[in-house]
Amino acid sequence: MNTHKANTYDLIVASEDKNRAVLETVIYALFILSAIVSIWQFVVQPIVVPSHTAGFASNQTTTTATCSI
């Protein structure tokens, strides 16, 4: 007569597929690597700040003074 009653955790551990565990580890590692690469792309991307508002022409003029010492 079998008096041992398995709980849910024991059933999950007993039915665990080793190949699936390796595949899950590889997939999780690829997810983490892709997140790191995505963040790195934003870090190294140059930031371009426009010199004037788009749609408006820049009409700045400069004047220089000539002085003799």
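Residues that are exposed (fewer than 10 other Cβ atoms within 10 Å of the Cβ), part of a loop (DSSP other than H, G, I, E, B) and not hydroxyl-bearing (Ser, Thr, Tyr) within segment 1-15 comprise 1, 2, 4, 5, 7, listed in sequence order. Residues in segment 17-54 that are surrounded by 10 or more Cβ atoms within 10 Å (Cβ to Cβ) and assigned to a loop (DSSP other than H, G, I, E, B): 1 in all.
In segment 23-49, the residues that are modelled with pLDDT of 95 or more never reach a residue that is surrounded by 10 or more Cβ atoms within 10 Å (Cβ to Cβ) with C-beta atoms less than 7 angstrom apart, at least six apart or across chains.
The values are calculated or read from the model by the stated rules, or taken from the named source; none is laboratory data. Note that the structure is a prediction, hence the values are computed from the model and not measured. All Cβ positions, even for glycine, are placed from backbone atoms using ideal geometry, and neighbour counts span all protein chains on display.
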